[in-house]
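Values in this text are rule-based calculations from the coordinates and carry no lab data. Not measured: the values here are computed from a predicted model. Quick reminder, even Gly has a Cβ in these numbers, built from the backbone with ideal geometry, and neighbours come from all protein chains shown.
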Amino acid sequence: MKRVIAPMLALLLLTGCAAAREPDDLALVRVLGVDGTGPVVMTAVCGGEDGENALRGTAAGEDYAAARRSVPWSGKGWKLSLTGVNYLVVGRDVDLAALIFLALEDPELGASATVWRAPDGALSLLRACDDPTADLELLALEGVTAPTLAQAAAALSGGETLSMPALRAENGCVREDGRIGNR
């Protein structure tokens with residue numbers, strides 16, 4: 001009897017897990033942009049299906065914590081959640097070390113999100129591009145490497161220079177524009 005029940009329970013659990021999905025009005029943020037040290041502007045982008053209709057949201061606050069309290073952003077029937085951030089795009093006017101350590105303390109953001117720089121500002125870059133998520137995925141597939149939040153924190157803690165890809169907008173797409181250090 002136990003031999004029959006165990007496989008049936010496993011099948012039931014697997015079927016239930018396969019059927020689980022996000023609520024229809026929740027979109028996971030894949031790209032999070034941050035500009036400023038005070039005030040702080042955060043820009044969220046969720047990739048659209050087939051590279052179309054990327055969902056976006058912005059939040060602002062006097063500092064990172066105040067802007068973060070505005071999440072999840074709402075708009076056009078969607079709620080944007082930070083539990084799926086893969087790419088953190090940081091503007092040049094951000095205190096990079098402070099942001100990285102605050103992001104690591106954030107229970108929703110993972111330490112595996114990669115860190116990219118937007119010298120002309122994250123907000124302007126993410127607004128100028130049709131599907132930043134797909135563009136950053138393509139750059140990664142092409143071999144462009146960016147440190148994770150954990151790697152960035154380790155480098156900054158050790159006094160090392162942190163090298164990140166610099167990004168620019170070109171013809172509605174995110175492009176790499178060399179590398180930039182934190183010093």
Note to self: Quick check: pseudo-label points 7 Å beyond the Cα along Cα→Cβ at A97 and S163, how many nm apart are they?
What the structure shows: 2.1
Check: For region 35-43, what does the Karplus curve 6.51 cos²θ - 1.76 cosθ + 1.60, with θ = phi - 60°, yield as ³J(HN,Hα) per residue in whole Hz, taken in order and with x for Gly and Pro?
Finding: 10, x, 10, x, x, 10, 10, 10, 10
Next item on the list: Classify region 73-183 as rounded, prolate or oblate, taking a ≥ b ≥ c as the square roots of the eigenvalues of its Cα gyration tensor: rounded when a/c is under 1.5, otherwise prolate if a/b is larger than b/c and oblate if not.
Entry: oblate
Margin query: Can you work out the Karplus-derived ³J(HN,Hα) for every residue in region 128-139? Use 6.51 cos²θ - 1.76 cosθ + 1.60 with θ = phi - 60°, whole Hz, and x for glycine or proline.
Written below: 7, 10, 5, 9, x, 4, 5, 5, 5, 4, 5, 4
Notebook entry, point to check: Out of residues 5 or more away from A27 or on other chains, whose amide H comes under 5 Å of its own, with H placed 1.01 Å from N in the peptide plane?
Noted result: K79, L80, S81
Notebook entry, point to check: Say R0 is 22 Å: what FRET efficiency, to the nearest 0.05, do R179 and E108 get from their beta-carbon distance?
Noted result: 0.20
Notebook entry, point to check: What list of ³J(HN,Hα) values in whole Hz, one per residue of region 86-97 in order, does the Karplus curve 6.51 cos²θ - 1.76 cosθ + 1.60 (θ = phi - 60°) give from phi, with Gly and Pro shown as x?
Noted result: 9, 10, 10, 9, 10, x, 5, 8, 9, 6, 4, 4
Checklist line | Under-5 Å amide H pairs with I180, H placed in peptide plane, nonlocal only | finding: M164, A166
Note to self: Amide H of C173 versus every other amide H placed in the peptide plane: which residues, excluding those fewer than 5 positions away on the same chain, fall under 5 Å?
What the structure shows: D130
